[in-house]
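S.K.: Below you will find the structure I want to go over with you.
The values are calculated or read from the model by the stated rules, or taken from the named source; none is laboratory data. Please read all numbers here as calculations on a predicted model, not as lab measurements. Note that each Cβ is placed from the backbone with ideal geometry, even for glycine, and that neighbours are counted across all protein chains shown.
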Amino acid sequence: MMNAVDNALAAFYSGERVAVLATLIKSARGDFDAAEDALADAIARAVVRWPKDGVPERPGAWMLTVARRLLIDEARVDARRNASNSFAVWGTSTELVDENAEFEQSIEKDAAVVDDPLDVVHDERLALLYTCCHPSLSTNAQLTLALRTIGGLSVREISRALLEPEATTAQRLVRTKQKIREARVPFTIPSGTALHERNDVVRETLYLVFNEGYTPSEAGALRADVAGEAIRLARLLTVLTPGDPESLGLLALMLLHHARRSARIGDDGAIISLEEQDRTRWDRDAIQEGERLLDRAIALQKSGPYQLQAAIAALHATARTATETDWSQIAGLYGALRFYMPTPVVELNAAVALAMVLGPEWGLAQLDTLATERGMADYHLLPAARADLLRRAQRFDEALVAYNDAIRLTESSAEHRYLERRVSEVTARMQLR
Amino acid sequence: MRYLILIYMNEQQFLSRTPESQSSMTSEYRTYMDEMGAAGILRAGDQLQPSFTATTIRVRDGKTLNTDGPFAETKEQLGGYFIIETDSIDDAISWGGKCPGARHGSIEVRPLVVQPMAGKAADVTATAAASR
C-alpha cells in the first residue's frame, strides 16, 4: 500500500503537478503563494489519507479538488486578516471585501468524483509560463519564478544555480510574487502581436529551465523531471503558435539533447563526453521526432538561434560514430549562430568545432585570442576546452595544468568527476613516456 | 490652485514596522485626512505599494523598454502624475507608454494600495460619497 502511495505521489510530482499548480494560481487570481500553500496542504493530506482509503483513481483530480477547497477556506481567512492588519495605512481608494462568504464543507469528501477539472489545464500551464515571463519582471525574477513553479526546484537549488546566497533568492521570490499580486500582472496567454513579441523571452526562460534539469548546477543527479516539464511546455508552445519556427526549433533542440540523457552520466556520476558516449543508448524515437520538428521549422524559411542549435544537435545525434561527425558543417552552423548569440559559449564552441577540422594547434591559437576578450577570464569551460585540445595535441604537461584550472572554476560535481578522470588519464599518459 | 503633496519615507523601515507603529501611523493619517476633509481641500491621496512592485517604461525610437523596479536615476525630477484605473498592469503599461513624457523621460507605474472595505456595496458607495 505504502509503495502504491509513494509511486502515485512521485507520478504526480513529475506529471500533473505543474498543471494543477497553474490551475490553482488561476483560481487564486494570480496569488502564487496561496496556490502553492494550498497544493502543499493537499499533498500533506494525501500522505495521510491515501494509505487509509487507497490511491484515488485520478490523483491529479483529487489533488486539484482538495487544494481548491483549501484555497476558498484560505481566501476567507485572508479577507479577515486584510481587514484588520495589512500593508494599508491611508488612502482614498477602496475595494469591497465580502466578509460574509459562506464556507461549510468537508475538504476531502468526494474529491475524486468531481467533474474532470483537469480538462482546461493545458491553457493554464501556458498562462503560468507567460506570467512567469511577464515583461514587467526582471530577467532574474522571471527565471527564479519559472525554476520554482515550473521546474519545481527548491529555493536552495535555485540559489546554487544563480550563484547567489539563499536569502537573496528567497527575497526575490517573495517580491516577485507580491508584484504579480499587487500590480495585477494578468494570469493569461497574451494575444495578437503581444504574443509574438513575448515568445523570445518565453523560449529563453524555458530553455534555461530545461538546462537546469539537463546540466544541474547543484551537485548530484540529472533532473529528468525538470527537463521533462520544460519539454512538455515547449510542446504546448508549438501547439499555441504552430507557425513559429523558433518554437519548433526549441522543442527539437530539447528533444535532441534529452535523447542522450541515459548515456551522459557514467555509473560513477561523471559526465561522459559526447565523443565517448555509448550511442546505442541514445533515444532513437526522440532523435527522429527532433529531426521531423526541425524539418518543419526549416520549411517555414525563417532562421533563428534555436533552429541553428537544433541543427547542430541533430548532426551530432545522427552521426553513427564520433569520428563520422560532420564537423565542417557544425562549424558553419556555429558561425551563423554567432550572429544571433555573440556569447562566450558560442564563440568557444565555434572555435572548438573548427579545431576539429583544422587541428588542435589551430584551435589553441584561437582560444588564446578568445581568452583576452571581456567576460572570458573566469569562464570555466575555457580551460576545459583548452585542456582537451592540449590533450589531443599530446601536450600532456600543459593539459594537466589546464584541467586543474578547469576543476577550480566549476561547481558541478558531475563535471568535476569528468575533469578528474581526464587528469588521471593524462597523468598515466605522461608516465608512459 | 491644486497642489501635489509627496511623501518620502524609508521603505525598509516601513516594511519592518511593528503592529504598534502600524496602528499609530494609521490613526495619525486618519486624523490628518479627516482634517483635510473637514477643510474641504482633499481631492485624492493614496499610499503606494513598495517600490519593488514598480515598472519603469521608456519609449525610444518608437520602441518600448520596460524595466522592473522604480525609476532610480537622479538626473530627472518628478514632473507630474496621473491616476488611472485599468484591469491589469498590461493596460497600465500601455497607457504609460502613450504618455508624451515616456519619449524623453521615464514613466514609473506603481500600483496604489487599495483599502479593504468590509460590508455591502451600498455602504462603500456611501462612504466614498462622504469622503468627497
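S.K.: Can you say whether B:Thr67 is surrounded by 13 or more Cβ atoms within 10 Å (Cβ to Cβ), over 14 Å from B:Pro111 (Cβ atoms) and at pLDDT below 85, as far as the supplied structure shows? Before the answer, list the steps.
M.R.: Values: surrounded by 13 or more Cβ atoms within 10 Å (Cβ to Cβ): yes; over 14 Å from B:Pro111 (Cβ atoms): yes; at pLDDT below 85: yes.
Yes: the conditions hold for B:Thr67.
S.K.: Across segment A:129-162, what is the number of residues that are small (Gly, Ala, Ser), under 15 Å from A:Tyr207 (Cα atoms) and either within 12 Å of chain B (Cβ to nearest Cβ) or touching a strand residue (DSSP E or B) at 6+ places or on another chain (Cβ under 8 Å) (or both)?
M.R.: Looking only at that region, the number is 0.
S.K.: Tally time: how many residues in segment A:131-161 are assigned to a loop (DSSP other than H, G, I, E, B) and touching a residue at least 40 places away in the same chain (Cβ under 8 Å)?
M.R.: Number of matching residues: 9.
S.K.: Which numbered condition trips up A:Ser303, out of (1) part of a helix (DSSP H, G or I); (2) buried (at least 16 other Cβ atoms within 10 Å of the Cβ)?
M.R.: Result: A:Ser303 fails condition (1) only.
S.K.: Just name the residue that is farthest from A:Met430 (Cα to Cα) out of those in segment A:350-397 that are among the small types (Gly, Ala, Ser) and surrounded by fewer than 16 Cβ atoms within 10 Å (Cβ to Cβ).
M.R.: Applying the filter and picking the extreme gives A:Gly375.
S.K.: Among the residues of segment A:135-172, what is the count of those that are within 17 Å of the chain's Cα centre (by Cα) and closer than 20 Å to B:Ile89 by Cβ?
M.R.: Taking segment A:135-172 as the starting set, the residues that turn out to be within 17 Å of the chain's Cα centre (by Cα) are A:139-163, A:169.
Adding the requirement that they be closer than 20 Å to B:Ile89 by Cβ leaves A:139-146, A:149.
Counting residues in segment A:135-172 that are within 17 Å of the chain's Cα centre (by Cα) and closer than 20 Å to B:Ile89 by Cβ gives 9.
S.K.: Now for a different question. If A:Leu354 satisfies all but one of (1) outside any loop (DSSP other than H, G, I, E, B); (2) out of contact with any strand residue (DSSP E or B) (no Cβ under 8 Å at 6 or more places or on another chain); (3) over 22 Å from A:Thr325 (Cα atoms), what's the number of the condition it fails?
M.R.: Unmet for A:Leu354, out of (1) outside any loop (DSSP other than H, G, I, E, B); (2) out of contact with any strand residue (DSSP E or B) (no Cβ under 8 Å at 6 or more places or on another chain); (3) over 22 Å from A:Thr325 (Cα atoms): (3).
S.K.: Of the numbered conditions (1) free of Cβ contacts under 8 Å to residues at least 40 places away in the same chain; (2) over 30 Å from A:Arg198 (Cα atoms); (3) outside any helix (DSSP H, G or I), A:Thr280 fails exactly one; give the number of that condition.
M.R.: With respect to (1) free of Cβ contacts under 8 Å to residues at least 40 places away in the same chain; (2) over 30 Å from A:Arg198 (Cα atoms); (3) outside any helix (DSSP H, G or I), A:Thr280 is out only on (3).
S.K.: Also, quick follow-up: Quick check on segment A:187-212: of everything there that is farther than 19 Å from A:Gly30 by Cα and of a type in the set (Ser, Thr, Tyr), which residue is farthest from the other protein chains (Cβ to nearest Cβ)?
M.R.: Restricting to residues being farther than 19 Å from A:Gly30 by Cα and of a type in the set (Ser, Thr, Tyr), the top hit is A:Tyr207.
S.K.: Could I ask something else about it? Out of the residues in segment A:235-257 that are farther than 29 Å from A:Ser413 by Cβ and of a type in the set (A, V, I, L, M, F, W, C), which is surrounded by the fewest Cβ atoms within 10 Å (Cβ to Cβ)?
M.R.: Checked segment A:235-257; the qualifying residue surrounded by the fewest Cβ atoms within 10 Å (Cβ to Cβ) is A:Val239.
S.K.: Got a sec? Which of A:Arg232, A:Arg260 is surrounded by 21 or more Cβ atoms within 10 Å (Cβ to Cβ) and not β-branched (Val, Ile, Thr)?
M.R.: Criteria check complete, one pass: A:Arg260.
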